[in-house]
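A short worksheet on the structure shown next.
The values are calculated or read from the model by the stated rules, or taken from the named source; none is laboratory data. Please read all numbers here as calculations on a predicted model, not as lab measurements. Ideal geometry is used to build each Cβ from the backbone, glycine not excepted, and the neighbour counts take in all protein chains shown.
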Amino acid sequence: MTMAPPLPYLRVLGSPALCGPDGETIPFRTRKHFALLIYLALEPQLHRRETLVALLSTTSEARHSLSTGLSVLRAKLAVRQSRTTRPSGLELWDLRERIL
């Protein structure tokens with residue numbers, strides 16, 4: 001039996017942080033991208049793109065900001081797992097499922 005590789009985890013109590021499997025904090029360049037991760041984790045239903053765009057910014061560049069934010073999250077979370085190896089519990093590994 002092959003063991004799944006350790007996964008990053010999100011800490012939202014106390015000082016929020018995304019931590020790697022080794023416990024080291026995974027940094028974000030902007031608070032906006034980290035806030036998007038926390039929002040998706042705590043609101044696990046489907047989200048319309050327009051709703052997320054409105055949460056991120058009121059500028060004309062908000063849609064680009066959302067696309068950039070999702071790309072950053074995919075990279076930080078190393079979204080490369082197949083659907084059959086998805087972890088139970090906090091299932092953020094395929095962000096596309098949550099955004100219409």
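Is at least one residue of the stretch 43-62 surrounded by 13 or more Cβ atoms within 10 Å (Cβ to Cβ), among the small types (Gly, Ala, Ser) and modelled with pLDDT under 90?
Among the residues of the stretch 43-62, at least one is surrounded by 13 or more Cβ atoms within 10 Å (Cβ to Cβ), among the small types (Gly, Ala, Ser) and modelled with pLDDT under 90, which makes the answer yes.
Give all pairs with beta carbons closer than 8 Å in which a residue from the stretch 59-75 that is farther than 26 Å from residue 7 by Cβ meets a residue that is of a type in the set (Val, Ile, Thr) and in a helix (DSSP H, G or I); count only pairs at least 6 apart in sequence or on separate chains.
If the second residue must be of a type in the set (Val, Ile, Thr) and in a helix (DSSP H, G or I), the pairs left are 62/53; 63/53; 65/53.
Of all residues in the stretch 36-55, which are touching a residue at least 40 places away in the same chain (Cβ under 8 Å) and under 21 Å from residue 11 (Cα atoms)? Please lay out each step first, then the result.
Step one: filter the stretch 36-55 for residues touching a residue at least 40 places away in the same chain (Cβ under 8 Å), giving 37, 40-41, 44-49, 52.
37, 40, 41, 44, 45 - these are the residues of the stretch 36-55 that are touching a residue at least 40 places away in the same chain (Cβ under 8 Å) and under 21 Å from residue 11 (Cα atoms).
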